[in-house]
Each structure stands twice: as structure tokens, then as C-alpha cells.
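Trainee: Got a structure here, written out as C-alpha cells. Questions coming.
Values in this text are rule-based calculations from the coordinates and carry no lab data. Since the structure is predicted, the reported quantities are computational estimates derived from the model, not experimental observations. Neighbour counts run over all protein chains shown; Cβ positions are idealised from the backbone, glycine included.
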Amino acid sequence: MDARFTITNMAIEMGAKAGIIEPDGVTTRYLNLVSSNRKVRDLKSDKDANYSEVLEYDVSKIVPQIAKPHTVDNVTSIDRLKDVRIDEAFIGTCTNGRMEDLEIAASILKNRRVHKYVKLIIAPASRAIFAKAIEKGIISEFIKAGACVVSPGCGPCVGTHNGVPSKGENVISTANRNFKGRMGNPDAFIYLASPATVAASGIEGKITDPAKYLKPRRR
């Protein structure tokens with residue numbers, strides 16, 4: 001559900017008027033509607049609905065994407081940016097600071113360390129998520145990896161505190177905007193990516209495909 005929130009909320013960035021994901025069992029469990037089969041069916045598209053265009057994508061063939069400075073639609077595949085060094089990595093905000101996002105980042109950072117020249121900043125999306133992450137030991141994993149955990153909320157995303165980049169610095173962020181000055185300094189460069197990509201990049205000190213960190217590791 002966390003990923004669905006991000007997709008539907010940010011669909012407008014691709015020119016959509018709205019983003020809708022058809023309800024299913026996952027939706028039902030999330031809403032805790034025990035006897036909601038009828039309600040879920042009522043929210044499905046009509047069987048005889050007509051569409052002006054239908055586009056289908058095989059997401060298994062899509063490599064991680066990065067939005068380059070200074071617009072959200074300046075997108076390219078991660079393999080074209082693998083040598084871009086970073087100074088700051090930021091995971092959080094309303095876009096990608098939910099439990100699922102923190103869990104993914106923590107799984108990559110577990111038993112690893114943030115690159116010595118990188119500031120990795122974690123900002124849970126809310127106080128409730130922050131508290132739950134503490135209970136699950138996720139915050140502890142971030143701290144052991146060398147990350148800095150800051151107050152829940154916008155923070156670095158809008159350049160108000162805890163992570164304003166210096167002049168000329170490259171930032172890789174899970175936030176939803178990367179225009180000039182967004183994080184408090186118009187002379188910084190902001191790249192937008194997923195929590196997995198940001199965590200992997202924080203470890204290596206450069207924009208990194210997280211694929212190798214997501215594979216099961218031998219104990």
C-alpha cells in the first residue's frame with residue numbers, strides 16, 4: 001500500500017489528472033474491511049468501460065530510474081549515472097518515508113556502513129511511523145550504519161533544517177521535487193530516486209543500482 005500511495009499521489013507529475021489503482025485483497029486488508037468483497041467489487045471499472053488508450057508495461061524489464069537536476073521529468077536510467085558521486089543521501093518525507101520505505105533501506109544498510117564522505121539523513125514521514133520503526137529495530141540499524149535520523153516531517157525536503165546541502169553538492173533524495181533551491185541551496189544538485197537506490201548510493205558514495213544489495217546474502 002505504501003508504494004501505491006506514492007504512485008497515485010505522484011501520477012500528476014507525469015501529466016495525469018488523477019492516479020487510481022484498482023482495489024484488491026491488499027486494499028481490503030489495509031482498510032480492515034473483513035466483509036468488504038461487495039464494496040471492493042463496486043470500486044472496479046465497469047466491464048463494458050471504453051478507454052481512449054491502453055498502455056501496458058512489463059515492470060520486470062524496467063531498470064531503476066533517476067530524475068536528474070533540476071526537474072522531476074528529467075529522467076534517465078540509472079546505468080547512465082553510475083559514476084556520479086554524491087555528498088548527501090536523503091530518505092524520507094511524505095513521498096518515501098513510510099514503513100515499507102524504511103524497511104527496504106534498513107535491509108540494504110544492515111551490517112554495512114555509509115560511505116565516509118556521504119551524509120545519509122533519514123526522516124520518517126510521521127511520528128507514528130517513527131515510533132513503529134523504533135519498535136521494529138529499524139532506527140537502530142540506521143544508526144549503526146552511520147546514518148543521521150532526524151525529526152519526522154518535511155525537514156531536508158524543503159530546506160528548512162537538518163540537511164541543507166552546500167554549494168556544488170550532489171544530493172540523491174527520495175523526495176518529490178528537485179528544482180533549484182528546493183533543499184535550501186540553489187547551487188546544489190538534487191537527483192530523485194527510490195529508497196533502495198538512495199540507500200545503496202549512500203553506501204558506495206555514488207549513484208548505485210541497488211540490485212546487488214537486494215539479492216539474498218549468505219550468512
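Trainee: For the modelled label position 7 Å from the Cα of Glu53 along Cα-to-Cβ, which residues of the stretch 1-24 have backbone nitrogen atoms closer than 15 Å?
Mentor: Within reach of a label on Glu53: 14-18.
Trainee: While we're here: I'd like to compare 43-49, 167-173, 69-75, 106-112: which one has the highest average count of other Cβ atoms within 10 Å, and what's the full order after that?
Mentor: Top of the packing list down: 167-173, 106-112, 69-75, 43-49.
Trainee: Taking θ as phi - 60°, what are the ³J(HN,Hα) couplings along the stretch 189-196 by the Karplus curve (6.51, -1.76, 1.60), each to the nearest whole Hz, with x for Gly and Pro?
Mentor: Values, residue by residue: 10, 10, 10, 9, 7, 7, x, 5 Hz.
Trainee: Which of the chymotrypsin sites (Phe, Trp or Tyr not before Pro) across the stretch 87-189 are loop residues per DSSP, with 12 or fewer other Cβ within 10 Å? It would help to have the intermediate numbers written out before the result.
Mentor: Details: sites: Phe90, Tyr117, Phe130, Phe142, Phe179, Phe189; in loops: Tyr117, Phe179.
Sites meeting the loop and neighbour criteria: Tyr117, Phe179.
Trainee: Also, I was wondering about something else. List, in order, the whole-Hz ³J(HN,Hα) value for each residue of the stretch 139-153 obtained from phi through the Karplus relation with A = 6.51, B = -1.76, C = 1.60 and θ = phi - 60°; use x for Gly and Pro.
Mentor: 4, 4, 5, 4, 5, 5, 7, x, 7, 10, 9, 10, 4, x, x
Trainee: Tally the DSSP beta bridges in the stretch 3-148 and give the antiparallel ones as a percent, rounded to 5.
Mentor: Details: 3 of 9 bridges.
Roughly 35 percent of the beta bridges in the stretch 3-148 run antiparallel, per DSSP.
Trainee: Then there is this: Collect residues whose amide H, placed 1.01 Å from N in the peptide plane, falls under 5 Å from the amide H of Lys206; neighbours closer than 5 in sequence don't count.
Mentor: For Lys206, the qualifying residues are Ile86.
Trainee: Residue separation times 0.36 nm, minus the C-alpha to C-alpha distance between Thr160 and Lys116: what's the value?
Mentor: 13.4 nm
Trainee: Can you give the charge dipole size of the chain about its Cα centre, rounded to the nearest 20 debye, using +1 on the beta carbon of Lys and Arg and -1 on the beta carbon of Asp and Glu?
Mentor: Charge dipole of the chain: 840 debye, to the nearest 20.
Trainee: Name the residues whose placed amide hydrogens come within less than 5 Å of the amide hydrogen of Tyr191, ignoring near sequence neighbours (fewer than 5 apart) on the same chain.
Mentor: Result for Tyr191 returns Val171, Ile172, Ser173.
Trainee: Going by amide H atoms built from the backbone, whose H comes under 5 Å of the H on Leu81, apart from near neighbours?
Mentor: Residues meeting the criterion, in which the H sits 1.01 Å from N, do not exist here.
Trainee: Normalising by the residue count of the stretch 62-219, find the relative contact order in percent from Cα pairs under 8 Å and 6+ residues apart.
Mentor: Across the stretch 62-219, relative contact order equals 33 percent.
Trainee: Can you tell me the order of 197-209, 56-68 when each peptide is scored by its average per-residue count of other Cβ atoms within 10 angstrom, highest first? Please report the intermediate quantities before stating the final value.
Mentor: Numbers: 197-209: 24.8, 56-68: 11.2.
Result, highest mean first: 197-209, 56-68.
Trainee: Lysines near Lys212 by alpha-carbon distance under 29 Å, same-chain residues fewer than 8 away left out - which ones?
Mentor: Lys61, Lys68, Lys82, Lys110, Lys116, Lys119, Lys132, Lys136, Lys144
Trainee: What's the magnitude of the charge dipole for the stretch 77-131 around its Cα centre, counting Lys and Arg as +1 and Asp and Glu as -1 at the beta-carbon? Answer in Debye, nearest 20. Don't jump to the answer; show the numbers that get you there.
Mentor: Working: 10 positive and 7 negative charges, 48 e Å.
Charge dipole, the stretch 77-131, about its Cα centre: 240 debye, nearest 20.
Trainee: Just one of (1) 18.5; (2) 20.7; (3) 17.6 is Kirkwood radius over Cα pairs in Å calculated from these coordinates, so which is it?
Mentor: The value matching this structure is (1).
Trainee: With θ taken as phi - 60° and the coefficients 6.51, -1.76 and 1.60, list the Karplus ³J(HN,Hα) couplings across the stretch 174-185 in order, rounded to whole Hz; mark glycine and proline as x.
Mentor: 9, 6, 10, 9, 9, 6, 4, x, 4, 9, x, 9
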